[in-house]
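Enquirer: Dropping the structure in here first, questions after.
Laboratory data are not the source of any read-out in this text; all were calculated from the coordinates shown. On a predicted model such as this, the values are computed, not experimentally measured, just so you know. Please note: Cβ atoms are built from the backbone with ideal geometry, for glycine as well, and neighbour counts cover all protein chains shown.
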Amino acid sequence: MKLFDSHCHLDDAVFEKDIAKVYHRMDEADVVKAMTVGTDRKSSQKTVALADARKHLYAAVGIHPHNAENSTASDLDILRNLAANPTVKAWGEIGLDFNRMYSPVKSQEICLHEQIEIAGKLKLPIIFHERDSHGRLLEILETRKNKIAGGVIHCFSGNQQELKRYLNMGFYIGITGILTIKGRGAFLRELAVSIPAEQILIETDAPYLTPAPQKNKTRRNEPAFVRSVLVKLALIRKEDPEILADVLWNNTCRLFKVGIQNSEC
């Protein structure tokens, strides 16, 4: 079995003291690849450095909507230059978050549009963040979809109608450890059975969203725990875990354009 954690934040300070052990546990859990994702200039620089230092770790660069208000043209220029690094396989995470409102709506939308434009020119797939945007992200993506070279809706938390619209645009759906949580994950488990297998990715969002059963022992999530997401997903979809793992592996490699032809998959 080969697993690909399609979204984690290994640049987070909580991993600094034991990153080697984190990598070792990935290996033990058959998590062969991971995408570590930037949220601003500094974290994006660190994700690229991490990916440079470890084989089969990839990087995404971008400015999270929380950081949109403080982003500058210079930041975007630096990210554009970082994207030239061969370990960078995606742009993100970017999007809209109207829940905590760390940045005003206008700043979030301007930053989103700018980054969609850059990613499109670079032909990089996009990792999208959406929380409580009440359909606004969908509206924007439906008008800009021709500029987007593929993408994933990270940590999907929408409803059936929103899911259908994302799928119709060809986006992948990122499933996190929320799926494994008894109460919080109930609605997601209902939706997960209806997602076409060829449009699903699994992710941890580490160090956040620790899945069960690991959440009973530790608050910090890590890429090795993506295996629990796979197991739960296979259970609710009534599919063989090994067969599903193979499908998800191919999905992730296809989105991030890491292929057999260059020995990356």
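Enquirer: With the cut-off at 1.5 for a/c, could you classify the stretch 127-265 from its C-alpha gyration tensor as rounded, prolate or oblate? Each step should come with its number before you reach the end.
Expert: Values: a/c = 1.60, a/b = 1.17, b/c = 1.37.
Oblate, because a/c is 1.5 or more while a/b does not exceed b/c.
Enquirer: While we're looking at this one, here's another question. With contacts defined as alpha carbon pairs under 8 Å and 6 or more residues apart, what's the relative contact order of the chain in percent? Please report the intermediate quantities before stating the final value.
Expert: Working: 528 pairs, mean separation 51.4, N = 265.
Relative contact order, the chain: 19 percent.
Enquirer: Using alpha-carbon pairs under 8 Å, 6+ residues apart, how would you state the relative contact order of the stretch 10-99 in percent? Walk me through the numbers on the way to the answer.
Expert: Values: 138 pairs, mean separation 25.8, N = 90.
The value is 29 percent.
Enquirer: Would you mind pulling out the separation of the Cα centroids of the stretch 179-195 and the stretch 155-177, in Å?
Expert: Each part reduced to its Cα centre gives a spacing of 12 Å.
Enquirer: Quick check: from the Cα gyration tensor, does the stretch 1-114 come out rounded (a/c under 1.5), prolate or oblate? Working shown, then result.
Expert: On the way: a/c = 2.25, a/b = 1.83, b/c = 1.23.
In terms of gyration-tensor shape, prolate.
Enquirer: Springs between alpha-carbon atoms under 10 Å, Gaussian network over the chain: tell me which of M169, M26, M35 tops the mean-square fluctuations.
Expert: M169
Enquirer: Could you check which residue among V88, V231, V14 shows the biggest mean-square fluctuation in a GNM of the chain with a 10 Å Cα cutoff?
Expert: In the Gaussian network model the winner is V14.
Enquirer: Still on this structure, please answer the following. How much length would be gained if the chain were fully extended between K21 and K147, taking 0.36 nm per residue of separation minus their Cα-Cα distance, in nm to one decimal?
Expert: Numbers: separation 126, 0.36 × 126 = 45.36 nm, distance 3.99 nm.
Result for the pair: 41.4 nm of gain on full extension.
Enquirer: Is the chain best put as rounded, prolate or oblate by its Cα gyration tensor, with a ≥ b ≥ c the root eigenvalues, rounded for a/c under 1.5, and otherwise prolate when a/b is larger than b/c, oblate when not? Could you put the intermediate results ahead of the total?
Expert: Details: a/c = 1.41, a/b = 1.16, b/c = 1.21.
It comes out rounded by the Cα gyration axes.
Enquirer: Give me the number: length gained by fully extending K257 to A13, i.e. 0.36 nm times residue separation minus the C-alpha to C-alpha distance, one decimal in nm. Don't skip to the end; give the middle numbers.
Expert: On the way: separation 244, 0.36 × 244 = 87.84 nm, distance 2.86 nm.
The K257-A13 span can extend by a further 85.0 nm.
Enquirer: Give, rounded to the nearest 20 debye, the magnitude of the charge dipole that the chain has about its Cα centre when Lys and Arg contribute +1 at Cβ and Asp and Glu contribute -1 at Cβ. Can you show the working numbers first?
Expert: Values: 36 positive and 33 negative charges, 55 e Å.
The calculation lands at about 260 debye.
Enquirer: Going Cα to Cα from K46, which lysines come in below 19 Å? Please leave out same-chain ones fewer than 8 positions away.
Expert: Qualifying lysines at Cα under 19 Å: K17, K21, K33, K55, K89.
Enquirer: Between L137, L191, L230, find the one with the highest GNM mean-square fluctuation for the chain; connect C-alpha pairs within less than 10 Å.
Expert: Of the options given, L191 has the highest mean-square fluctuation.
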